[in-house]
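Just so it is clear, none of the values below were taken in a lab; they were calculated from the coordinates. Bear in mind the structure is a predicted one, so any value in this text is a computation, not a measurement. As a convention, Cβ positions derive from the backbone with ideal geometry for all residues, glycine included, and neighbour counts pool all protein chains shown.
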Amino acid sequence: MPGKNISIIGLPASGKTTYIAALWALMLNNSPHCSLRLHSLKSGNQQYLNKISEAWLSFSEIGRTFLAKDVGEVVMNLQFKDSQEVAVLNIPDFFGELFDAHFKDREWTEDYFDLMKTSHQLILFVDPYHENNIARTIMDERQILEQYGDLEDVMEESAEQKQRGKEENKESGKVDTKESKSPLANAKIYQHINSSNQVKLVEILQYLLFSLSRAEPFKVAIVVSKWDKVMENFPNKRPDEVVKSNLPLLYQFLNCNASDLIFKFFGVSAQGVDYDNSDGLDEFVKMLPEDRVNIFDGANYSKNIATPITWLIE
Ligand SMILES: Nc1nc2c(ncn2[C@@H]2O[C@H](COP(=O)(O)OP(=O)(O)OP(=O)(O)O)[C@@H](O)[C@H]2O)c(=O)[nH]1
Ligand SMILES: [Mg+2]
C-alpha cells in the first residue's frame with residue numbers, strides 16, 4: 001500500500017481547516033463527485049475531523065486552529081474510485097501561526113523536519129483577500145503619504161510616540177499594545193506579522209528546497225481559497241492569474257524553480273459561500289453538501305473536492 005505524506009502549508013486563516021473539513025464530510029457522505037473514498041481512518045484524531053466537518057455541514061465558522069494538540073495526526077486510507085488503488089494519506093492540519101513562527105524565528109522543530117523529509121507533496125493555501133496578499137504599489141504608498149503628511153514628520157512622530165510610550169510604561173509597569181492611528185507610523189517598527197505573505201511563503205519554500213535537497217522535484221498544489229468570492233468579483237480570472245497579480249514574488253519563485261518544483265494552481269471554494277453573505281447563504285442551505293464546493297483547475301470547474309490531492313498523488 002503506497003504511503004503519501006501530503007503536507008499543508010498556509011498562513012493563518014488561509015482556508016486549510018475548511019478544506020479538510022469539506023474533504024472529510026464529502027468522503028463520509030460518499031459524494032458522487034469526489035474521486036476518493038474513505039477506505040479507513042488509519043490513525044488520527046477522528047473526533048477533531050468530525051467536529052470540523054459538522055461545523056462545515058451546518059454552515060458555521062470552524063474556528064481558528066490554535067494548538068497542535070487540538071489537531072493531531074490525520075492519517076486516512078483513501079481509495080481511488082476508478083482504479084480501486086488505496087493510498088495512505090497523512091494531512092496534518094497545522095495552525096497558521098506555525099508558518100509565521102518559522103519565518104520569524106528561522107527555525108523549525110525536529111518533528112516538523114522529520115515530517116517534511118517524508119513529504120513529497122505539498123498543498124499551499126493562499127487567501128486572495130488577505131490584506132498582506134495584495135501587492136502594495138508606489139502609487140498607494142504616495143496616497144498614504146499625502147494623507148498622513150510628510151514621511152519625515154511621520155517618522156519623527158513615531159520616534160517621539162515610541163519614546164513617550166516607553167516612559168509611560170516604565171512608570172506604570174505596563175506593556176503597551178496600543179497602535180498609532182497612522183499606518184506609516186506603525187510601519188516604521190518592523191514586525192514580522194506585517195511582512196508580505198508572499199515573502200513568507202517564498203521563504204518557507206526556500207527552506208524546504210535547501211534543507212531537503214532531493215533528486216525528485218516537490219509537487220506543489222497552490223490552492224487559492226475563497227474562490228466563490230473571486231468567481232463573483234472576477235468571473236474570468238484563473239487561479240494562476242490571481243497569484244501572478246497579487247503575489248508576484250511567489251509566482252516568479254515558482255517559475256524560476258521549475259526544475260525542483262512541479263506546481264499547479266487551483267481555485268478552491270471549499271465553503272461555497274461567505275458566511276457573512278446572508279442573501280447567498282439562504283440559497284446555499286437548500287443545496288446538497290456535494291454541490292456546495294467548486295474547484296477550478298484553470299481549465300475546468302468541478303465539484304470534486306479531492307482534485308488537488310488526486311493531481312498530487314497521480
Ligand atoms: N467565502 C469563503 N470563505 C472561506 C472559504 N474557506 C474558508 N473560508 C473562511 O476563511 C476563514 C479561515 O478559514 P480556516 O479554514 O479556518 O483557515 P485556516 O487556514 O485553517 O486558519 P488557521 O487555523 O488560523 O491556520 C474562515 O472565516 C472561513 O469561514 C471559502 O471557500 N469561501
Ligand atoms: Mg485551521
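Note on Glu283 and Ala101: the model spin-label points, each 7 Å out from Cα along the C-beta direction, lie 4.1 nm apart. Extension gain for Val86 to Ser195 (0.36 nm times residue separation, less C-alpha to C-alpha distance): 35.1 nm. Here the spin labels are modelled as points 7 Å beyond Cα on the Cα-Cβ line, and at Asp114 and Ala258 they lie 3.8 nm apart.
Given the Cα-Cα distance of Met139 and Gln46 and 0.36 nm per residue of separation, how much length would full extension add, in nm? Going from the current span to full extension adds 28.5 nm.
For the pair Ser211 and Asn236, how long in nm is the line joining their label points, each one 7 Å along Cα→Cβ? Label at Ser211, label at Asn236, 4.4 nm between them.
Each Lys or Arg adds one and each Asp or Glu takes one away; over the other residues whose Cβ falls under 15 Å from the Cβ of Pro32, this sums to +1. For the cross-link pairs Lys4/Lys219; Lys16/Lys81; Lys219/Lys264; Lys200/Lys303; Lys226/Lys303; Lys4/Lys81, the ones whose C-alpha atoms lie over 19 Å apart are Lys16/Lys81; Lys200/Lys303.
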